[in-house]
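Written out below as C-alpha cells is the structure these notes cover.
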Amino acid sequence: MALSAQDRPLIAWTMMFVVSQANIVRLLGPEGPRVLQIQTSWSALRYRQVLDSMDAAATARFRSHYYPDFVHPAIYAMALRAGASRLGELTDLTPTTAKVLAVAPILSAAGDYVENIAGLYLLDHREQITDSVVRVTTAVSVTKWVLALGTLAYLAGGFGRAISGVGKAGRHQ
C-alpha cells in the first residue's frame, strides 16, 4: 500500500489523538474509571454515589480532565474522518457509507461536548442531578461511544480488508 496525500492528515490526527488521550488519562490518574461510571449512570442516586465517593483531591483531579476534553472530541472526529477519507481511496464506499463515516464522528464529538458541559455543571450544581437529567446525559454518552467506536470498528475492518488485498471493487488484487 503506497502512501497517499490522505496519509499525512490521518497519521497527524491519529498521533494528536493518542497524545490527547494519554494526557486525559494522565490527568485522571486513579480517577479514570469514574468517567465510565458517570457516563453509564442511569439514575441520580448512582451518579451522586460516584461523585460522593471522591474526596476533594479526587474531585479536583476528575474536574481537571474536562478542560482538555473540550479539545479532544474535535481531534478524534478529525482522526476518524481522515481515516474514512483514506479508506475511501482504498475501497469502494457506497455514498451512504461515506456519509455515515463523515457524519458519525461529528455527532459523536457533539455528544461529547454536551456530556462535558453537563458533567462540569453537575459537579458544582449537585441539586440539579435528577433521574431525568442523568438519563439524558447517559443516553448522549452511550450514543457518543456507539458512534465513535462503531466508526472505528468499520474503519479497522475496512483497512484490514484493504491491507489483506481486497481491492476497490471488493476483489483480491
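Values in this text are rule-based calculations from the coordinates and carry no lab data. Note that this is a predicted model, so its numbers are computed, not measured. Cβ placement follows ideal geometry from the backbone for every residue including glycine, while neighbour counts extend to all protein chains displayed.
Scanning the range 82-104 turns up no residue that is more than 17 Å from the chain's Cα centre (by Cα), assigned to a helix (DSSP H, G or I) and closer than 17 Å to His72 by Cβ. The set of residues in the range 55-76 being in contact (Cβ under 8 Å) with a residue 60 or more places away in the chain and either among the aromatic types (Phe, Trp, Tyr) or not in a helix (DSSP H, G or I) (or both) consists of Phe62, Tyr76.
The criterion of being in contact with a Pro (Cβ under 9 Å, 6 or more places away or on another chain) and either farther than 19 Å from Ala139 by Cα or buried (at least 18 other Cβ atoms within 10 Å of the Cβ) (or both) holds for Leu27.
Given the options Arg34, Arg8, name the one that is among the charged types (D, E, K, R) and closer than 24 Å to Gly157 by Cβ. Talk me through it step by step, then tell me what you get.
On the way: Arg34 fails: closer than 24 Å to Gly157 by Cβ.
It is Arg8.
Taking the criterion of being of a type outside the set (S, T, N, Q), in contact (Cβ under 8 Å) with a residue 40 or more places away in the chain and not in a helix (DSSP H, G or I), the only residue of the range 21-54 that qualifies is Trp42.
The residue that is farthest from the chain's Cα centre (by Cα), among those in the range 1-20 that are assigned to a loop (DSSP other than H, G, I, E, B) and in contact (Cβ under 8 Å) with a residue 12 or more places away in the chain, is Met1. Ser132 passes every criterion in (1) small (Gly, Ala, Ser); (2) surrounded by 15 or more Cβ atoms within 10 Å (Cβ to Cβ); (3) farther than 27 Å from Ile75 by Cα apart from (2).
Close Cβ contacts (under 6 Å, 6 or more residues apart or on different chains) running from residues in the range 150-165 that are touching a residue at least 24 places away in the same chain (Cβ under 8 Å) to residues that are part of a loop (DSSP other than H, G, I, E, B) and β-branched (Val, Ile, Thr) comprise Gly158/Thr91; Ala162/Thr91.
For residues that are farther than 18 Å from Ala44 by Cα, charged (D, E, K, R) and surrounded by 14 or more Cβ atoms within 10 Å (Cβ to Cβ), tally how many sit in the range 90-129. I'd like the intermediate steps shown before the answer.
First, pick out the residues of the range 90-129 that are farther than 18 Å from Ala44 by Cα: 90-113.
Among the residues that remain, those that are also charged (D, E, K, R) are: 92, 99, 112.
Filter once more, keeping what is surrounded by 14 or more Cβ atoms within 10 Å (Cβ to Cβ): 112.
Summing the residues that are farther than 18 Å from Ala44 by Cα, charged (D, E, K, R) and surrounded by 14 or more Cβ atoms within 10 Å (Cβ to Cβ) in the range 90-129 gives 1.
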